[in-house]
Amino acid sequence: MENIKIQIQETNNNSIIKFVSNTILINGGSFEFNNIDEAKSSPLAQQLFYLPFVKKVFVTANFIAIQRFDIVEWSDVQEEVREQIEAYVNSGNSVITEQEAKKDAIEVYAEVTPNPAVMKFGTNKALTQTDVELKNIEEASKSSPLAQALFSFPFVKEVFISENYISVSKYDVVEWNEVYQEIRTFIRQYLQDGKTIISNLPVEEKKTEVKTVKTENLDETSTKIIEILDEYIKPAVASDGGNIAFHDYNSETKKVSVILQGACSGCPSSTITLKNGIETMLKEMLPNQINEVIAING
């Protein structure tokens, strides 16, 4: 069995700390507990509430977030909490009971995207806290049983799983109006059955996940670019079934490189979006600091 490692990650709220796992803790979904009575479905959360400074516990697919009371500072207790969580999960104990994770009714809706090859399937169930992009069934077999199952459809080309939606890219052998209902029904049943969504995070995803990058390791312009992407660009891109991730910034050429995923990857209009939308916004908000925005994978 893989040894689970827990790392400490600060948040924008100094009363909340994330304890991030190097593997999946629960099968999708997210849970918030305000006290020990609410945490009956989470033995780990109940254990954490015995610590007198714990105010709230948030449980997600790959991290535990804890909000503290002001009676202590995180710097005094965070290492002790990290060790406690790491010891708990490595003992093979349940983080969330299956019964609780399955109780909610699952809804899945299909939505067209600007990319005619991609359909977005939104859901009321939280799927993942870390975006996962699978290019083929071999990649899917190593990290996502859900994506692997979707690749069993002969027309499925790529799968992108985000927080509350799945973008599916198809080959041109079929039209979406012929198959989207079949895919929607399949995803809904899969989620309703409580089957595993993501078993391991792909190595490639860990490398490009910008939210895990500590801003103190970046120059000021790179930090501002990430903030603009997160606040202004990502919500609009996500509504179209895609994702954009910061890759790097060259201070000499003033060139920004980004990664496009989901519906944005290979989209005929992605170049126009980059130039007329993202590049224009960055130039306006960071004058004289941006010359060009390029997609390194498109």
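The values are calculated or read from the model by the stated rules, or taken from the named source; none is laboratory data. All of these numbers come straight from a predicted model, not from anything done at the bench. Note that we place each Cβ from the backbone using ideal geometry, even for glycine, and neighbour counts take in every protein chain shown. Surface areas here come from the heavy atoms of the whole protein model, side chains and all, with no ligands, DNA or RNA. Shrake-Rupley method; radii C 1.70, N 1.55, O 1.52, S 1.80 Å.
Listing for the model above:
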| read-out | value |
| --- | --- |
| Test: residue in the stretch 251-268 that is within 28 Å of residue 19 (Cα to Cα), at pLDDT 80 or above, open to solvent by 30 Å² or more (accessible area, probe 1.4 Å) and not polar (S, T, N, Q) | no |
| Helices (runs of 4 or more DSSP H) completely within the stretch 80-166 that count 1 or more residues being over 30 Å from residue 53 (Cβ atoms) and open to solvent by less than 60 Å² (accessible area, probe 1.4 Å) | 137-143, 145-150 |
| Residue list for the stretch 29-58, filter: more than 29 Å from residue 161 (Cβ to Cβ), open to solvent by less than 20 Å² (accessible area, probe 1.4 Å) and either free of Cβ contacts under 8 Å to residues at least 12 places away in the same chain or touching a Leu at 6+ places or on another chain (Cβ under 6 Å) (or both) | 54 |
| Qualifying residue in the stretch 34-57 (condition: within 22 Å of residue 191 (Cβ to Cβ) and aromatic (Phe, Trp, Tyr)) | no |
| Residue among 58, 53 that alone is modelled with pLDDT of 90 or more, in contact with a Phe, Trp or Tyr (Cβ under 6 Å, 6 or more places away or on another chain) and of a type in the set (Phe, Trp, Tyr) | 53 |
| Flag if residue 209 is among the charged types (D, E, K, R), open to solvent by 80 Å² or more (accessible area, probe 1.4 Å), at pLDDT below 85 and at negative phi | no |
| Residue that is farthest from the chain's Cα centre (by Cα) [pool: residues in the stretch 129-148 that are more than 12 Å from residue 201 (Cβ to Cβ) and among the small types (Gly, Ala, Ser)] | 141 |
| Selection count, the stretch 59-79, where residues are in contact (Cβ under 8 Å) with a residue 40 or more places away in the chain and open to solvent by less than 80 Å² (accessible area, probe 1.4 Å) | 11 |
| Residues of the stretch 212-246 that turn out to be at pLDDT 85 or above, of a type outside the set (Val, Ile, Thr) and buried (at least 16 other Cβ atoms within 10 Å of the Cβ), as a count | 4 |
| Residues of the stretch 1-28 satisfying the condition of being more than 21 Å from the chain's Cα centre (by Cα) and open to solvent by 30 Å² or more (accessible area, probe 1.4 Å) | 1, 2, 3, 14 |
